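A.B. asks: First the structure, then my questions, so here it is.
Each reported figure results from applying straightforward, stated rules to the coordinates on display, with no laboratory input. These numbers were taken from a predicted model, which means no experiment stands behind them. Here Cβ is always computed from backbone atoms with ideal geometry, including for glycine, and neighbour counts include all displayed protein chains.
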Amino acid sequence: MTKPPKLLDQLRNEIRLRRYSLRMEQAYVRWVSRFVRFHRMRHPSELGTSEIREFLVWLALERKVAASTQDQARSALLFFYLEVIGQPIQVLENVAQAKGDRKLPVVLDESEVTRVFAELSGTHWLIVGLLYGSGLRLMECMRLRVKDLDFSHRCVYVRGGKGGKDRVVTLADNLIPAFEAHLARTRGVFDQDLSEGKANVWLPDALASKYPGASREWGWQYAFPAGKLSRDPRSGLWRRHHVGERSIQKAVRAAVFRAGARCSDQSGLGVFVLARRAAA
């Protein structure tokens, strides 16, 4: 008799059935594991609303997590109990709320933005140019495909943005020559992968089944590919993923420091979004 999958594997399956992101899957699995360890490895079926409330209060009062972190933990546990355990959780009342971030945002002036851009180069300069000039969020930029760039109409197509919505944003004229040079270099890497039989990229939703050859087509490749191949944690296939967002955050943080600009967040990226809004 085949054993039923473990609870965390069931959780992963439920998330994948809904085509939620890998980041969400990893976060939800991490929160459920942490919740079980908090209650000394008791089986989740033995736990319920009061234990979830106790855990959330502990996060807020003892661990002093941010409000968004506590909200994510709550969402993960509610999803787990509803979809995996089959035990809907009642409305969680009397839960101490983690404090939100009340720091005043920093808005760079035009001279500071210019100095920070002067400290960036290559791919980092191009990515930050999109964040500032087109208003893209960091992961929207990382996930751009070659086919999403339309130089003739000077626009960028953002697929599956916040809330799962698509939109079109303007591409600044001064970015186009740099983008064309960047894609020429990227195309060389892709052609090399293709000749070695290594060209492969992750495709969203059911496109991999519907268009089995699309993962090896130039238009579907990431506009900002990683420097090396990596193993897909879900399929186990070796692929060229997009560049990691942490490398961009690190580069921007260093550029902000060298430029002597003000910054209120760890990545430094927030200053560009705020500066763009102020200039609009």
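A.B. asks: Checking the a/c ratio against 1.5 first, then a/b against b/c, what shape does the Cα gyration tensor give for segment 7-85?
C.D. replies: oblate
A.B. asks: For a quick check: sort I127, I176, I52, I85 by the number of other beta carbons within 10 angstrom, fewest at the front.
C.D. replies: I176, I85, I52, I127
A.B. asks: Then there is this: Answer with one residue from G129, G160, Q221: the one whose Cα lies farthest towards the positive end of the charge dipole of segment 110-279, charges on Cβ with Lys, Arg +1 and Asp, Glu -1.
C.D. replies: Farthest towards the positive pole: G160.
A.B. asks: Checking the a/c ratio against 1.5 first, then a/b against b/c, what shape does the Cα gyration tensor give for segment 158-254?
C.D. replies: Rounded, since a/c falls under 1.5.
A.B. asks: If you average the sequence gap of Cα pairs under 8 Å that are 6 or more apart and divide by the length of segment 110-279, what percent do you get for the contact order?
C.D. replies: Answer for segment 110-279 is 27 percent.
A.B. asks: Taking the Cα centre of segment 176-223 as origin, sum charge times position over the Cβ atoms of Lys and Arg (+1) and Asp and Glu (-1), and report the length of that vector in debye to the nearest 20.
C.D. replies: 40 debye
A.B. asks: Can you list residues from other chains, or at least 5 along the same chain, whose modelled amide H is less than 5 Å from the amide H of R145?
C.D. replies: A223
A.B. asks: A further question follows. Sorting K198, K228 on the 10 Å Cβ count, fewest up front, what's the list?
C.D. replies: Going from least to most buried by this count: K228, K198.
A.B. asks: So what's the convex hull volume per residue for the Cα atoms of segment 110-279, in Å³?
C.D. replies: In segment 110-279, the Cα hull volume divided by residue count equals 131 Å³.
A.B. asks: For segment 41-73, which trypsin sites (Lys or Arg not before Pro) pass both filters: DSSP loop (anything but H, G, I, E, B) and at most 14 other C-beta atoms within 10 Å?
C.D. replies: Loop-located and lightly packed - R42, R63, K64.
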